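The values are calculated or read from the model by the stated rules, or taken from the named source; none is laboratory data. All values derive from a computational prediction rather than experimental measurement. Positions of Cβ are backbone-derived with ideal geometry, glycine not excepted, and every protein chain shown enters the neighbour counts. Each accessible area value is taken on the protein alone, full model and side chains, heavy atoms only, with ligands, DNA and RNA left out. Shrake-Rupley method; radii C 1.70, N 1.55, O 1.52, S 1.80 Å.
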Amino acid sequence: MSQMIGLLEVLEDFNGRVDVAKVADDLLLELDDLLPAVDAAELLGFLKVDSGDLILTDEGKRFLSRGSSGRKRMLNRILSKTPIFKFVITFIKQHEEAETTKDDVIDFIRREMPDLEAETTFRWLVEWGRYALLLRYDSNSGKIKVVQPTTAQPTASQEGKPQ
Amino acid sequence: MTPVIELRNVTKAFGSGTARPNAVLEQINLSIEGHEFASIVGPSGCGKSTLLRIMMGLTTPTDGEVYYRGKPVKDVIEGMAMVFQTFALFPWLTVLQNIEIGLQGRKISDDAKRKRSLKLVEIMGLEGFEEAYPRELSGGMKQRVGLARALVSDPEVLLMDEPFSSLDPLTATHLREEVLDLWLNPEVSPGSVVMVTHNVEEAVYMADRIIVLTHRPGTIIKEVHIDLPRPRNPRSPELYRVVDEITGMIA
């Protein structure tokens, strides 16, 4: 999450378009270390990759211009439309109070998405789901819950970037 | 105007009174003004962190005086808060509880503490992570909690000891931006920030004034005012010129 936002900010410093090798070089990073952030940003539509160049999209610029509540709102909207979140959220919602356990979700991922590493995917879902106010997870009880839309939407007054 | 913090002839030596006292800091004269972002840079082992601890009243100098708003410092100062390189969060407490620790000892109701802590959760973008434990967080998120815990007490001075050094470069880029935003945000802004770093680029990008220390025993060799307009581009030639100048003094 923080890595992805950092990458978008670096792109902004380079006026929105830069060679991926130059970014790695500039940050003293291996290309491999950069890829998770590139993948995440691409999945969310915040950047495009074009023959080795990373390009900040308009959606990416919009994301950067928002304060933290506004960013959460955007991610809430975007992530809830991605196939994996849709799939998992629908599954959790089938349970009473839209709440189930970690083990249950892990079993579901193993069964329905056998190509994915279940534990890693679960951690990823929890991290992004928490940030975007889509999921709540209590690691003590192992309970995971879908946030209902009424509590997921920060009020408009909190949206501006605090300056 | 009285400086917020003033150090006069401060010396710190470990094993003083023995035949070979080990001097860490020598003859430090330094003032921190209200509304400034100061950065202390120098090679490792130059006593930067010790200097920060002396400012906060966590360590007493061997010699010399420390003043906070013109009064001699005798104890840990309430108006200051510290952010650590290693985050220093309690692993058995949730994010929200870790932030509330920053208000420990304050004479306000539990309700007021909760309310203020939730405000910081919102400002630091930690909504959704209130019930999470530090082990579940990335480094960037942990340092957000560290910042929230420091800022929850509304400090006049925020002290930061290598706050971005244990983060990966992308996360560090992002958090530097966040800290500059916080400093300009009237809702939380500490009047002054003092940041210790070994990263000269980071200091030039963020600070109004840089205090350059030499190797052990640490003494101030130069103070550099950074007049580059904000927001700064970390990759501009103007910025690099200053970075080169300061790096030359340390190397």
* **Filter result (open to solvent by less than 10 Å² (accessible area, probe 1.4 Å), among the small types (G, A, S) and not in a helix (DSSP H, G or I)) within segment B:132-152** => B:A132
* **Residue list for segment B:195-251, filter: among the basic types (K, R), more than 14 Å from chain A (Cβ to nearest Cβ) and either under 18 Å from the mean Cα position of the chain (by Cα) or open to solvent by less than 60 Å² (accessible area, probe 1.4 Å) (or both)** => B:R209
* To do: Could you figure out which of (1) in a loop (DSSP other than H, G, I, E, B); (2) within 14 Å of chain A (Cβ to nearest Cβ) isn't true of B:W183?
  => (1)
* Asked: Inside segment B:123-140, can you point out the residues that are facing chain A (nearest Cβ under 7 Å) and more than 18 Å from the chain's Cα centre (by Cα)?
  -> B:I123, B:G125, B:E127, B:G128, B:F129, B:E131, B:A132, B:Y133, B:E136, B:S138
* If we only count strands (runs of 3 or more DSSP E) wholly inside segment B:18-74, which ones have 2 or more residues that are of a type in the set (V, I, T) and in contact (Cβ under 8 Å) with a residue 24 or more places away in the chain? -> B:22-32, B:37-41
* Within segment A:15-23, can one find any residue that is under 30 Å from A:R136 (Cα atoms) and either without any contact (Cβ under 8 Å) to a residue 40 or more places away in the chain or surrounded by fewer than 18 Cβ atoms within 10 Å (Cβ to Cβ) (or both)? -> no
* Asked: Quick one: what pairs do we get from segment A:122-148, first residue farther than 22 Å from A:S2 by Cα, second open to solvent by 50 Å² or more (accessible area, probe 1.4 Å) and in a helix (DSSP H, G or I), C-beta under 8 Å, 6+ apart or different chains?
  -> A:G142/A:K102; A:G142/A:D103; A:K143/A:K102; A:I144/A:K102; A:K145/A:E97; A:V146/A:K93
* Would you confirm whether any residue within segment B:153-167 is out of contact with any strand residue (DSSP E or B) (no Cβ under 8 Å at 6 or more places or on another chain), buried (at least 23 other Cβ atoms within 10 Å of the Cβ), farther than 29 Å from B:R69 by Cα and facing chain A (nearest Cβ under 7 Å)? => no
* Within the set of pairs 6+ apart or on separate chains, which have a first residue in segment B:165-190 that is closer than 23 Å to B:P229 by Cβ, a second that is open to solvent by 20 Å² or more (accessible area, probe 1.4 Å) and acidic (D, E), and C-beta atoms under 9 Å apart? -> B:T173/A:D13; B:P190/B:D154; B:P190/B:E156
* Asked: If you check every pair at least six apart or on different chains, which have Cβ atoms under 8 Å apart with a residue in segment A:30-44 that is at pLDDT 90 or above first and a residue that is among the polar types (S, T, N, Q) second?
  -> A:P36/A:Q3; A:A37/A:Q3; A:A40/A:Q3; A:L43/A:T82
* Take B:F129 and decide whether it is open to solvent by 40 Å² or more (accessible area, probe 1.4 Å) and at pLDDT 95 or above. => no
